[in-house]
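The values are calculated or read from the model by the stated rules, or taken from the named source; none is laboratory data. The structure presented is a predicted model; accordingly, all values stated were derived computationally and were not measured. Here Cβ is always computed from backbone atoms with ideal geometry, including for glycine, and neighbour counts include all displayed protein chains.
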Amino acid sequence: MTGYLIAGGRVVDPSSGQDATADVLIVDGKVAEIGSISDAADAQVIDAKGLIVSPGFVDMHTHLREPGREDEETIASASAAAAAGGFTAVCAMPNTDPVADSASIVEKVWALGREVGLVQVVPAGALSKGQKGEKMADIGEMIQSPAKVRLFTDDGHGVQDSLFVRRTMEYLVAFDAIYAEHCEDAALAAGGQMHEGDRSMSLGLRGVPAAAEELMAARDIELARLTGCRLHLLHISTAGTVELVRKAKAEGLRVTAEATPHHFSITDSALENFDPNCKVNPPLRTDDDVRAVIEGLRDGTIDAIATDHAPHALEEKDQEFSYAPPGMVGLETALGLAITKLVEPGHLSIAEVVSRMSTQPAAILGLDQQGRLARGATANICVFDPAATWRVEPSSFRSLSRNTPFRGWELTGKVVHTFFEGRETSRDQVAELESA
Ligand code: DOR
């Protein structure tokens, strides 16, 4: 018998409620057994004492940049970064060049993901041709392609035309597909460099008001009510949006939401030294917003933690703040930020973090071989040390890009092993040296 025996870890699987010490045996790409296992013949033994064994993480929001900006990231480099961050699936955002608005592009992204074979690459499709918000993209063909697209978004841009939103939702509902919005009213956000408030005033930068996000979130919730379409709100960042989602859920609407690690970890105060790595859309908000996002993650209003991993070339980020493009990388710091900012202060349990990073995003995307750790299931697994501390050193990222505001931060919580379809796709080198 070949495979892996992950021995003596704390197995946390929110999909079944399991949270207990157990061994996990991987054979032929599947979870062969979970329990007390003595007969594992020639399986490679991985000592997981003191470690958490969870389903692999599922990132609902990743910019892989291929096709078009392979200098910033490729499907191969993003997959390696994802594996290092404990992910076994990533949803590829369609704002590539060309835009993923047709079956041929999503199929290519999906096929390249399979060829690389480090994570499941799940392409999202654009809602509109060229993400211009005018003509509908080839949605039906993307759904029927081998990529089986389920989530559609013009991420990077909010869709401004409400009638277009309504018609697209009416179309998507027939397929039970998801309308996902980057909530940003373009007129209100025009020229904005950061969150609009006291800090933007004192720094002299034009701001993006919270209302730019909240107006569009409110509109989309009303249109989801009208059409019955599933709605997913991407990277929500304000207290007002969290409240809108909370109310929509209480009314039984089919609305889900995600939040990024940066929106629960740092505020607009991080912009005081004009670090372009802190420039992101939606912008970093206030203390009150961060508290509301954390409460939303705690009480289940926000379903998923999603990275919005947005690689940018050094020469583009390294210029005057107002010229730098928005976005930051996030795949390799997501777990560390979640444990440091959510678990250590007592806001969420480890099991709740696993549910927001794995079980719930897998359920929203309908990925039946992700987000669970059950006998017979595909072995998509993350093994992490919830107590290990480490310093963020961007030069050691697997990502091709380095644009993170967390350089030098000491984080708690480190991915030690990742398994995708039963193959080990990442192993932490420090852990490897220690066990040698
Ligand atoms: O900051 C961002 N960068 N937000 C987005 O929605 C898009 C992303 C990108 O593609 O760079």
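Taking the stretch 16-48 as the range and being within 28 Å of the chain's Cα centre (by Cα) and without any contact (Cβ under 8 Å) to a residue 12 or more places away in the chain as the test, the residues that pass are Gly17, Ala20. Checking each residue in the stretch 1-20 for being outside any loop (DSSP other than H, G, I, E, B) and surrounded by 13 or more Cβ atoms within 10 Å (Cβ to Cβ) picks out Tyr4, Leu5, Ile6, Ala7, Gly8, Gly9, Arg10, Val11, Val12, Asp13, Gln18, Asp19. Residues to consider are Val122, Val165; find the one that is closer than 17 Å to Met216 by Cβ and either touching a Pro at 6+ places or on another chain (Cβ under 7 Å) or hydrophobic (A, V, I, L, M, F, W, C) (or both). Criteria check complete, one pass: Val165.
Apart from one condition, Ala41 fits all of (1) surrounded by fewer than 24 Cβ atoms within 10 Å (Cβ to Cβ); (2) on the phi < 0 side of the Ramachandran plot; the exception is (2).
Scan the stretch 411-425 and tell me whether some residue there is surrounded by fewer than 21 Cβ atoms within 10 Å (Cβ to Cβ), over 22 Å from Ile75 (Cα atoms) and touching a residue at least 24 places away in the same chain (Cβ under 8 Å). Yes, some residue in the stretch 411-425 is surrounded by fewer than 21 Cβ atoms within 10 Å (Cβ to Cβ), over 22 Å from Ile75 (Cα atoms) and touching a residue at least 24 places away in the same chain (Cβ under 8 Å). All of Glu316, Glu320, Glu295 fail the test of being modelled with pLDDT under 95 and surrounded by fewer than 19 Cβ atoms within 10 Å (Cβ to Cβ), apart from Glu320.
Restricted to the stretch 331-376, and to residues there that are in contact with a Pro (Cβ under 6 Å, 6 or more places away or on another chain) and part of a loop (DSSP other than H, G, I, E, B), the residue that is farthest from the ligand (Cβ to nearest atom) is Leu373. The single residue among Glu70, Glu134, Glu66 that is without any contact (Cβ under 8 Å) to a residue 12 or more places away in the chain and either part of a loop (DSSP other than H, G, I, E, B) or crowded, with 24+ Cβ neighbours inside 10 Å (or both) turns out to be Glu70. Looking at the stretch 79-127 only, could you name the residues that are away from the ligand (no atom under 16 Å from the Cβ) and hydroxyl-bearing (Ser, Thr, Tyr)? Scanning the stretch 79-127 gives Ser79, Thr88, Ser102, Ser104. Out of curiosity, is Met93 within 13 Å of the chain's Cα centre (by Cα) and over 30 Å from Arg10 (Cβ atoms)? Taking the combined requirement at face value, the residue satisfies it. All of (1) among the hydrophobic types (A, V, I, L, M, F, W, C); (2) over 28 Å from Arg10 (Cβ atoms); (3) touching a Pro at 6+ places or on another chain (Cβ under 9 Å); (4) outside any helix (DSSP H, G or I) hold for Leu253 with one exception: (3). Residues that are farther than 23 Å from His263 by Cα and away from the ligand (no atom under 16 Å from the Cβ) within the stretch 52-78 comprise Ile52, Val53, Ser54, Pro55, Ala76, listed in sequence order. From the residues in the stretch 272-327 that are closer than 24 Å to Glu196 by Cβ, small (Gly, Ala, Ser) and more than 15 Å from the ligand (Cβ to nearest atom), which one is nearest to the chain's Cα centre (by Cα)? So the residue we want is Gly296. Selection of first residues in the stretch 262-283 that are closer than 18 Å to Ala304 by Cα and of second residues that are within 14 Å of the ligand (Cβ to nearest atom) and assigned to a helix (DSSP H, G or I), restricted to Cβ pairs under 6 Å at least 6 apart or on distinct chains, gives the following pairs, ordered by first then second residue: Pro282/Glu213. Just one of the listed residues (Val90, Val149, Val109, Val119) is touching a residue at least 24 places away in the same chain (Cβ under 8 Å) and in contact with a Gly (Cβ under 6 Å, 6 or more places away or on another chain), and it is Val149.
The helices (runs of 4 or more DSSP H) found entirely in the stretch 140-250 that carry 1 or more residues being within 14 Å of the ligand (Cβ to nearest atom) and surrounded by fewer than 18 Cβ atoms within 10 Å (Cβ to Cβ) are 186-189.
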